[in-house]
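Step one of this worksheet: look at the structure below.
The values are calculated or read from the model by the stated rules, or taken from the named source; none is laboratory data. For clarity, every value in this text was computed on a predicted model and none was experimentally measured. Every residue, glycine among them, receives a Cβ derived from its backbone with ideal geometry; neighbour counts consider all protein chains shown.
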Amino acid sequence: MTKILNPNLNSDLHEAVDILKKGGVVALPTETVYGLAADASNENGIRKIFYAKRRPANHPLILHINSFDNLNKYVTNIPLCVEILAKKFWPGPLTILLSKSSFVSDLVTGGSDKVAIRVPSNKFFQKVLEMGDFGIVAPSANLHKKLSPTKSEHVFRQLNGSIDAILDGGSCKIGIESTIVDCTSENLKILRSGPILKNDLEMLLNIEIEDVSSSNHNNVSGSMKEHYKPNKYVYIFDKNSIKNIIDNKKSTIIFYSDYIDESVKDFKKIRMSKDPLEYGRLIYSALYEADIDDSEIILIEDLPKNEEWLAINDRIRRML
Ligand code: TXA
Ligand code: MG
């Protein structure tokens with residue numbers, strides 16, 4: 001049985017750190033989604049992450065550190081653009097890919113000579129990093145290819161019994177995984193779209209950045225064609241297609257437009273915000289809810305296509 005720890009109790013925070021130091025795995029809240037954490041210098045702990053998630057060993061893990069000042073330990077070179085990005089976006093939902101130093105185990109990077117690093121802003125995660133005085137590797141705390149968790153209950157439902165503990169820090173504030181930017185060459189590339197937009201990065205650095213997030217890389221879990229999936233089938237609908245889709249299946253409808261409320265009766269409906277930040281914060285929760293109710297399929301209203309909605313569209317496209 002997995003233990004639930006309370007991050008407001010110092011004794012529980014110590015327990016989380018102790019478990020990690022001994023090579024155990026603990027789900028920790030971040031501002032994006034819950035991560036399944038291990039001490040980055042403990043290979044037993046790292047192996048347990050792959051085992052618990054049933055994640056292929058060549059899928060690299062993000063390394064979380066408590067501040068930019070510790071970055072040089074883990075990488076061979078810090079380009080100026082990374083200093084600028086870190087100053088503006090760390091702590092926060094930006095993951096930066098750099099050439100790894102020999103201090104980073106090949107288990108973390110799946111054999112690659114590059115490591116993905118971020119400084120999370122969640123205060124409980126920060127406390128654990130400081131108390132342990134270590135780096136923490138953490139993929140999202142879900143089974144491979146399944147929905148990312150934004151509440152401790154989501155983690156519990158997927159991983160109870162196969163991880164040591166969950167630090168219950170409530171709901172994640174952002175709800176969508178970090179933006180990943182590859183800074184290993186002069187031509188920066190976005191590997192995964194996320195809360196920090198391409199335009200934010202381009203404006204700050206005054207350069208053009210290529211977004212390669214929609215191409216499929218089989219060892220970048222978040223770039224696989226199928227990922228982030230609920231157990232039920234998911235379909236997208238819009239005003240034109242809704243009538244056909246809901247004909248004879250029991251559906252749960254995730255929507256944001258007013259016309260749905262008026263025109264669709266007799267189905268379970270989950271109303272979402274029209275604001276992309278608020279929508280993003282709650283979408284995984286809505287999907288978890290829809291996934292365990294007694295409907296047969298999940299219908300998601302088609303979303304706007306502008307940049308603020310890009311990361312959400314990306315996640316939903318991979319569920320279809
Ligand atoms: O917001 C987030 O990034 C969350 C929280 C927990 O920090 N983490 C997260 O981890 O989403 P994960 O493992 O579910 O997704 C990380 C993505 C994966 O697609 C992984 O393949 C890619 O980052 N990645 C990690 N290290 C990499 C590397 N060295 N080279 C290329 N891609 C890498
Ligand atoms: Mg993930």
Report task. May I ask you to verify whether L97 is under 18 Å from V75 (Cα atoms) and near ligand 1 (Cβ under 9 Å from one of its atoms)? Result -> yes
Query raised in the report: Which pairs have Cβ atoms under 8 Å, sit 6 or more apart or on different chains, and link a residue in the stretch 129-141 that is closer than 15 Å to T95 by Cβ and more than 16 Å from ligand 2 (Cβ to nearest atom) to one that is modelled with pLDDT of 95 or more and aliphatic (A, V, I, L, M)?
Result: G135/A40; G135/L63; G135/I65; G135/L129
Requested in this report: State whether the residues of the stretch 48-65 include one that is in contact with a Lys or Arg (Cβ under 7 Å, 6 or more places away or on another chain), more than 9 Å from ligand 1 (Cβ to nearest atom) and among the hydroxyl-bearing types (S, T, Y).
Outcome: no
**Report entry** Whichever residue in the stretch 67-104 is among the β-branched types (V, I, T) and within 14 Å of L201 (Cβ to Cβ) and, among such residues, is surrounded by the most Cβ atoms within 10 Å (Cβ to Cβ)
**Finding:** I96
Query raised in the report: If we scan the stretch 146-162, do we find a residue that is in a loop (DSSP other than H, G, I, E, B), closer than 30 Å to N206 by Cα, away from ligand 2 (no atom under 16 Å from the Cβ) and modelled with pLDDT of 95 or more?
Result: no
Requested in this report: Would you please name the residue that is surrounded by the fewest Cβ atoms within 10 Å (Cβ to Cβ), looking only at residues in the stretch 240-266 that are touching a Ser or Thr at 6+ places or on another chain (Cβ under 8 Å) and modelled with pLDDT of 85 or more?
Outcome: K250
Requested in this report: Would you be able to say whether some residue in the stretch 51-68 is part of a loop (DSSP other than H, G, I, E, B), farther than 26 Å from K3 by Cα and more than 22 Å from the chain's Cα centre (by Cα)?
Outcome: no
Query raised in the report: Would the stretch 135-145 turn up any residue that is among the basic types (K, R) and either closer than 20 Å to I78 by Cα or modelled with pLDDT of 95 or more (or both)?
Result: no
Requested in this report: Looking at (1) surrounded by 14 or more Cβ atoms within 10 Å (Cβ to Cβ); (2) touching a Leu at 6+ places or on another chain (Cβ under 7 Å); (3) closer than 23 Å to E177 by Cβ, find the lone condition where G110 falls short.
Outcome: (2)
Query raised in the report: Within the stretch 276-315, can you find the residues that are among the charged types (D, E, K, R) and in a helix (DSSP H, G or I)?
Result: E278, R281, E289, D291, E307, E308, D314, R315
Requested in this report: Considering (1) surrounded by 24 or more Cβ atoms within 10 Å (Cβ to Cβ); (2) closer than 27 Å to F103 by Cα; (3) away from ligand 2 (no atom under 16 Å from the Cβ), say which one T179 fails and leave the rest.
Outcome: (3)
Report task. Could you tell me which numbered condition P120 fails, if it satisfies all but one of (1) part of a loop (DSSP other than H, G, I, E, B); (2) surrounded by fewer than 19 Cβ atoms within 10 Å (Cβ to Cβ)? Result -> (2)
